[in-house]
Every structure is written in C-alpha cells, then in structure tokens.
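**Q** Have a look at this one.
The values are calculated or read from the model by the stated rules, or taken from the named source; none is laboratory data. In this text the structure is predicted, and so the values were computed from the model without any measurement. Positions of Cβ are generated from backbone atoms using ideal geometry, with glycine treated the same way; all protein chains shown enter the neighbour counts.
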Amino acid sequence: MRCVLFVNPRSGGDEPTVEQLVDAARALDVEAHVLGREDDLEELALRTEADVLGMAGGDGSLGAVAKAAIERDVPFVCIPWGTRNHFAGDVGVDPDEPLDALRAFRDGAERRIDVGRVRETVFLNNVSLGMYARLVHRRERKRRRGEVFARLRALLISLREHRRRERFLVDGQPLLASVVLVANNEYRLDLFSLGTRERIDAGVLAVYAASGVRRLRWTERKAAEVRIESQRGAVRAAVDGEPVTLESPLELRIEPQALRLLVARG
C-alpha cells in the first residue's frame, strides 16, 4: 500500500522540524514530499498515485489534498502542523502531537466526514466574508512584502474599521453585516464568539452573521446549499483562513460524508 504525505515547510514551527517529520514518516514507510515554492499542491495531489494521501500543514493547506482524496476515493490523513490547526482539533487529532498523528497511515480508523464547497474549492472549516476576509487579505499582502508585523497592522486596521458593514443577499434575503461566515457544520457558540464543532458529519452548512468586533452578536441559520450575492463583482473571501477572490454570486454547498478521514487509534 502506497502512502504519500505532502509537507508544507512554511507551516510548521520549531518542533518537530521538517527533517524530523520526514524521518518519522519514512520510518512508517510513508513517502514524504516537501513542497517547493513553485509546487502546485492541488495538481501534485491529484496526479499522485497513492492508496492514502496525507497533508502536514495548517488549515489552509489541507483542502487541496482532501479534494484530491475525494476525487480519487482514497483515505485522507491530517497531520496538524500549522498555527491554529482548528480542523485537527475538531476531528479528534491532537494539534500538539503531529508525529503521533502519523500513526493514522498504518493503524488509522476510518470515518466519513462532510466537506463544504464554494464553486469547486473544498473547505474543511469555513468561508468568511467581510471584516475577517479583509484582514486576511491585508495580512497576505504585507507578508509578501516581508513586513514582520503584518498580522498586527492588519488587525489594527480592521479594528479601526469595525463599524464598516457590507450588504449581501443570502438566499435572496438582504443582510447588512461586518462578518459573514459559512461553516462546514455547526460551531458551538460561546459568549460572543465561535468555538469548536462537536460534529462534522451532520450534513449541513451553518451560516453566521455578525456586526461589530468587541461584542459579536451572531445570528445563525442552517442549510444544505447557500447562495450569497454581493454588490461587488469580485468578493474578497477567506477559505479556511487563506485569501481568495471569488466572483459573485457565491454558490456554497455541503457534501455529506464525502471525505474518508483516517485518525490514529487511541
């Protein structure tokens, strides 16, 4: 059985190192492909002949390999190796133990989970519009310019604009909000914030909208498909925390139990 792990060297922290992660994978007879800057992850994953596909990276790296696993109908392994690792935590993978998560390639228990799609892009967590998406886009522009304090500066700008709301049509209904978030299944709503997901196999998109920053008041609805229209032709969005530009209208849908997820036993 051929197992292939893609590694995003720009996602990980100091421990484990890329070398330690690759060595641990190879010790389990897993082929490790460390991504170069010019590599197209989605194309690589789609054309790789493998019985199991895995990704070591942050939330933004996982969707491309998960999409390939769905199209090839092979299991997918998530190795948490990013900044936040929300998806890993929600599916029961310890975000602090990427080396332990590698065991899923050899003794993993398979479960079926849902994915979301916006057009043909797969998302495992959520798609966000409005203030948070603007922050992500600014952060990326600053990062490309090599500015060390890009995240802080982007946050300060967004806080300055926290009263700015945008007009959307959600399934034909007008909505004025600073943040719109469409999630792959429901988040637990903690006080004025989004928490974790108890399930990623309930077959629903959860749509949240909020105004303001300091005291976010979320409104929520659930559906299998959602259509979001903006007054602008091109909409800045964040898909699993990564900046993208999408054409309005946005057609989002849930794909129930589409992904075969492997998680290490125990």
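**Q** Do any residues in the stretch 193-205 that are under 13 Å from ASP114 (Cβ atoms) have Cβ atoms under 8 Å from those of residues that are outside any strand (DSSP E or B) and of a type in the set (Ser, Thr, Tyr), where the two are at least six apart or on different chains, and which pairs are they?
**A** ARG197/TYR187
**Q** A further question follows. Of the conditions (1) free of Cβ contacts under 8 Å to residues at least 40 places away in the same chain; (2) in contact with a Leu (Cβ under 7 Å, 6 or more places away or on another chain), ASP190 fails just one. Which one is it?
**A** (2)
**Q** Can you pull out the residues in the stretch 27-36 that are assigned to a loop (DSSP other than H, G, I, E, B) and of a type in the set (A, V, I, L, M)?
**A** LEU28, VAL30, LEU35
**Q** On to the next question. Given LEU53, LEU44, which one is modelled with pLDDT of 95 or more, closer than 20 Å to VAL122 by Cα and out of contact with any helix residue (DSSP H, G or I) (no Cβ under 8 Å at 6 or more places or on another chain)?
**A** The match here is LEU44.
**Q** Of the residues ALA69, ALA56, which is in contact with a Cys (Cβ under 9 Å, 6 or more places away or on another chain), more than 25 Å from ARG188 (Cα to Cα) and crowded, with 24+ Cβ neighbours inside 10 Å?
**A** Working: ALA69 fails: in contact with a Cys (Cβ under 9 Å, 6 or more places away or on another chain).
Answer to the selection: ALA56.
**Q** A further question on this structure: Does the stretch 250-258 contain any residue that is touching a Ser or Thr at 6+ places or on another chain (Cβ under 6 Å), assigned by TED's automatic domain parsing to the domain that holds SER178 and either at pLDDT below 95 or of a type in the set (A, V, I, L, M) (or both)? Steps first, please.
**A** Quick first cut of the stretch 250-258, residues touching a Ser or Thr at 6+ places or on another chain (Cβ under 6 Å) only: none.
There is no residue in the stretch 250-258 that is touching a Ser or Thr at 6+ places or on another chain (Cβ under 6 Å), assigned by TED's automatic domain parsing to the domain that holds SER178 and either at pLDDT below 95 or of a type in the set (A, V, I, L, M) (or both).
**Q** Same structure again: Being under 24 Å from ASP114 (Cβ atoms), outside any strand (DSSP E or B) and not acidic (Asp, Glu) is true for just one of ALA24, ALA68. Which residue is that?
**A** From the options ALA24, ALA68, the qualifying one is ALA68.
**Q** If you don't mind, there's one more thing I want to ask. Give the residue, chosen from ARG197, ARG232, that is in the same structural domain as PRO174 (by TED's automatic domain parsing), closer than 17 Å to ALA133 by Cβ and not in a strand (DSSP E or B).
**A** On inspection, the qualifying residue turns out to be ARG232.
**Q** Also, quick follow-up: If you go through the stretch 72-90 one residue at a time, how many are touching a residue at least 40 places away in the same chain (Cβ under 8 Å), crowded, with 17+ Cβ neighbours inside 10 Å and not in a helix (DSSP H, G or I)?
**A** 8
**Q** Looking at (1) surrounded by fewer than 23 Cβ atoms within 10 Å (Cβ to Cβ); (2) closer than 21 Å to ALA238 by Cα; (3) touching a residue at least 12 places away in the same chain (Cβ under 8 Å), which is the only condition PRO95 fails?
**A** (2)
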